[in-house]
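Here is the structure we will look at.
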Amino acid sequence: MNPMAKCYLLFFLLLAVLLPEARATSCHPDDLLALLDFAGSLNGGGVLLRATWSGATCCSWEGVGCDAASGRVTALRLPRRGLGGAIPGTSLAGLAQLEELDLSSNNFHNISGLLAVLHGCQNLTTLILTKNFGGEELPGDGIIGGFKSLKVLALGDCALKGRVPEWLSQCKKMEVLDLSRNQLVGTIPLWIGQLHHLCYLDLSNNSLVGEVPKSLTLLKGFATVGRSEGMTFTNMPLYVKHNRSTLGRRLNELLNVITGTNNVVRFGRNNVVSGNDNTVIFGDENTVSGNNHAVYGNHNTVSGNNHVVSGSKHVVSGSRHGVTGSSSVVSGFNNGVSGINHVVSGSNNIVSGSNNVVSGMNHIVVGNNKVVSGA
């Protein structure tokens, strides 16, 4: 065989290998149209999102997850992207196989319109909308229905007004329900006790008054933290089901590895958590060890004690650091770090900006590209 013929043969063999993969990573035309429609109506960080979402292989786009066999979009994860505006629910309704939607910590509004459309997504199991909507009214009965497959609903820290809506009673598969840090009034409805798969319920920091319904206390292994049955209160406590078999199955589905005591992954995947009293609030692929950490974000490595970490790609060790932003390396004690790409060691330093290298103690550094050392 001559060299040219060999080249053609290798070319066609390469096509035979690559084309099936290309077809698998190309999303369904309906999903492609829905995602483009969704991104096109966003403001704020929507400009950057539209710039990164290009081409027809939307299964490779940031924040998009697809079923490998069908190419249908099953997950949309866009937390903390600075996205704003009314969430275009009609576009999301075009994602017929959507199972997971995470739009937490953005600047969205119009929760009623979004929920009214999303209830038609029959496969939706996880809906995380925390830190949005800025004090809107939580839609009540007669407005929302459906959500028959929903297992996780997070609407915490939205300052939502109203009552705990009865349409949630139809979510019979619900395992995790977070309505904390809102402005809800009234009492816990009796039907909460009929959500037999429920293993995590947070109604804290609302204006709920009255007695704990007996139907709630009948849930086997369900107990309050810091309250007794029948007690009148103005802020509902957190409820956690001590029989964690259901929650354990849910966490196994999310591929988290959790050891130690009182460690919890509230929402996220592929987190490795060990030690005591650590909580991964939101995020994926964090490695957490030590004690009393609260972690928000993705790809963080946290060890030591008493850290609060938000953002992504931090490496944090030592004790009592507060770290926000991204890609900082922090060690020592009592450092407050914000911004990006800092290297901070020592104690009692406050650093903001970007690309600073700080060592020693008691420094206050503001700005970019500085090297500071000494006591």
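Bear in mind that the values in this text are calculations on the coordinates, not laboratory data. Remember, it's a predicted structure, so these values are computed and weren't measured experimentally. Every residue, glycine as well, gets a Cβ built from its backbone with ideal geometry; the counts of neighbours run over all protein chains shown.
Subtracting the Cα-Cα distance of Q183 and T261 from their residue separation scaled by 0.36 nm leaves 24.9 nm.
Among the listed pairs K131/K313; K131/K370; K172/K313; K131/K172; K148/K313, those with a Cα-Cα distance over 30 Å are K131/K370; K172/K313; K148/K313. Checking every one of the GluC sites (Glu not before Pro) in the stretch 42-125 against DSSP loop status and a limit of 12 other Cβ atoms within 10 Å picks out E62. Note on the stretch 256-373: Cα Rg divided by 2.2 N^0.38 Å, N the number of residues, gives 1.01.
Computed from backbone phi, the HN-Hα couplings of the stretch 341-358 come to 6, 8, 10, 10, 9, x, 9, 6, 9, 10, 10, 9, x, 8, 6, 9, 10, 10 Hz, rounded to whole numbers (Karplus: 6.51 cos²θ - 1.76 cosθ + 1.60, θ = phi - 60°; Gly and Pro given as x).
Couplings for the stretch 79-84, taken from phi via the Karplus curve 6.51 cos²θ - 1.76 cosθ + 1.60 with θ = phi - 60°, read x, 6, 10, x, 6, x Hz in order; Gly and Pro are left as x.
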